[in-house]
Amino acid sequence: MLGINYFKAEPTEYARLSAGGKQIAQGKGIAKFYLPFRTSVEVLSLATIDQPFVFEEISSDKQPVTLQGAFVYEVFDPVKALQKYNFAINPATRSYVTEDYKKLPDLIVRMVQASARKRVQQTPLERLLVMSGDLSEGVSKEVSKLSSLSELGVRVDMLYFTAITPPAHIAKALEADYREGLQKKADEATYSRRAAAVEQEKAIQQNEMNNKIDLEEKRKGLVELQGANSMSEAKYKADAQKLLLGSFGGLDAEVIRAHALYQLGCNADKIECLTITPELMAGLNGALRAGAAIK
């Protein structure tokens with residue numbers, strides 16, 4: 001039929017058709033014939049939407065910082081949202097006829113920024129740079145409980161900060177300071193290892209010296225004991241020799257020679273060379289005669 005158009009919403013869209021100020025149809029994924037010259041079509045997505053954001057704040061130590069992240073939101077009551085914002089579209093091109101469709105995510109971004117600002121302004125820069133997890137958790141809990149979002153029929157399912165960064169020159173200064181700190185720790189560790197090595201070497205040397213001292217003391221005791229034993233042995237031998245010689249004290253010289261000749265004969269197998277002088281032969285003859293006289 002001429003002058004009549006057909007509109008069909010997507011399954012994840014909520015649409016409302018109005019004519020003459022009266023609603024003629026509304027619902028999720030609806031389809032409807034309409035008169036284009038007198039019908040207004042509004043469409044609102046019911047799917048979850050991932051909305052990125054980025055804004056700047058000032059830390060407690062007056063340092064600028066850029067916060068970047070995103071949140072996921074969805075419209076659970078489209079009627080409330082349609083009462084607040086204009087989501088009218090051109091059915092032919094399906095493009096929005098006003099900028100109101102941007103106001104809903106912009107409002108949530110401002111809520112996120114307001115919640116984050118309180119925490120950022122109470123935190124020094126260096127602490128702030130490593131607290132993206134804590135900041136995400138705190139801001140997410142606060143924003144999700146805001147009654148103003150519920151009144152719009154909207155809820156935030158997830159919120160997270162992906163980056164918290166200072167200006168380039170401040171980041172460079174912090175990196176330099178951090179590197180210096182790491183180098184200092186590395187130097188301290190090196191010095192500690194060297195000192196420990198020196199102490200260990202000293203302990204080893206001291207232990208070796210103590211062992212040498214103990215060994216020398218034991219050696220000294222052994223030498224003293226050996227000397228004492230040698231002296232005792234020599235003394236005993238001297239005493240024995242004195243006793244042996246003392247037994248010959250009252251004997252005649254010829255008898256002594258006879259005894260010597262007897263001892264010579266007993267040890268004849270041990271004698272390799274024997275020189276007999278005339279004087280010795282005369283003595284031996286006398287000793288023989290003395291021996292014969294004794295018999």
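The values are calculated or read from the model by the stated rules, or taken from the named source; none is laboratory data. Predicted model, so just to flag it, every value in this text is computed and none were measured. Using ideal geometry, Cβ is built from the backbone for each residue, glycine included, and neighbour counts are taken over all protein chains shown.
It is to be established whether one or more residues within region 100-115 are assigned by TED's automatic domain parsing to the domain that holds Gly138, more than 23 Å from Val139 (Cα to Cα) and either surrounded by fewer than 15 Cβ atoms within 10 Å (Cβ to Cβ) or in contact with a Gly (Cβ under 6 Å, 6 or more places away or on another chain) (or both).
Here is the first cut: in region 100-115, the residues assigned by TED's automatic domain parsing to the domain that holds Gly138 are 100-115.
Cutting the leftovers down to more than 23 Å from Val139 (Cα to Cα) gives us 100-101.
Filter once more, keeping what is either surrounded by fewer than 15 Cβ atoms within 10 Å (Cβ to Cβ) or in contact with a Gly (Cβ under 6 Å, 6 or more places away or on another chain) (or both): 100.
Looking through region 100-115, at least one residue is assigned by TED's automatic domain parsing to the domain that holds Gly138, more than 23 Å from Val139 (Cα to Cα) and either surrounded by fewer than 15 Cβ atoms within 10 Å (Cβ to Cβ) or in contact with a Gly (Cβ under 6 Å, 6 or more places away or on another chain) (or both).
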Name every residue in region 141-182 that is modelled with pLDDT under 90 and more than 23 Å from Gly69 (Cβ to Cβ), in order of residue number.
-> His169, Lys172, Ala173, Ala176, Asp177, Tyr178, Arg179, Glu180, Gly181, Leu182
Among (1) within 45 Å of the chain's Cα centre (by Cα); (2) surrounded by 13 or more Cβ atoms within 10 Å (Cβ to Cβ); (3) not in a strand (DSSP E or B), Val72 falls short only on (3)
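Here is a yes/no grid of residues against (1) over 45 Å from the mean Cα position of the chain (by Cα); (2) at pLDDT below 95:
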| residue | (1), (2) |
| --- | --- |
| Asn86 | yes, yes |
| Pro91 | yes, yes |
| Arg94 | yes, yes |
| Lys103 | yes, yes |
| Val109 | no, no |
| Val112 | no, no |
| Thr123 | no, yes |
| Leu128 | no, yes |
| Gly133 | no, yes |
Could you check Gly250 against (1) in a loop (DSSP other than H, G, I, E, B); (2) at pLDDT 80 or above and say which number it fails?
-> (2)
Since Lys62 meets every condition but one in (1) surrounded by 13 or more Cβ atoms within 10 Å (Cβ to Cβ); (2) without any contact (Cβ under 8 Å) to a residue 24 or more places away in the chain; (3) of a type in the set (D, E, K, R), which condition does it not meet?
-> (1)
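Looking only at strands (runs of 3 or more DSSP E) that lie completely in region 1-41, which have at least 2 residues being hydroxyl-bearing (Ser, Thr, Tyr) and not assigned by TED's automatic domain parsing to the domain that holds Phe76? Talk me through it step by step, then tell me what you get.
On the way: elements: 5-8, 13-19, 22-28, 31-34.
Those strands (runs of 3 or more DSSP E) span 13-19.
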Phe53: passes all of (1) without any contact (Cβ under 8 Å) to a residue 40 or more places away in the chain; (2) in a strand (DSSP E or B) but (1)
Which number in (1) assigned to a helix (DSSP H, G or I); (2) under 18 Å from Phe53 (Cβ atoms) marks the one condition that Ile164 misses?
-> (1)
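Given Ser144, Ser132, which one is more than 25 Å from Asp61 (Cβ to Cβ) and either out of contact with any helix residue (DSSP H, G or I) (no Cβ under 7 Å at 6 or more places or on another chain) or surrounded by 17 or more Cβ atoms within 10 Å (Cβ to Cβ) (or both)? Can you show your working first?
Values: Ser132 fails: more than 25 Å from Asp61 (Cβ to Cβ).
One residue alone meets the criteria, Ser144.
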Some residue of region 46-63 being over 60 Å from the mean Cα position of the chain (by Cα) and farther than 24 Å from Thr98 by Cβ = no
Among the residues listed as Leu67, Leu44, Leu82, the single one being surrounded by 12 or more Cβ atoms within 10 Å (Cβ to Cβ), outside any strand (DSSP E or B) and either in contact (Cβ under 8 Å) with a residue 40 or more places away in the chain or touching a Cys at 6+ places or on another chain (Cβ under 8 Å) (or both) | Leu82
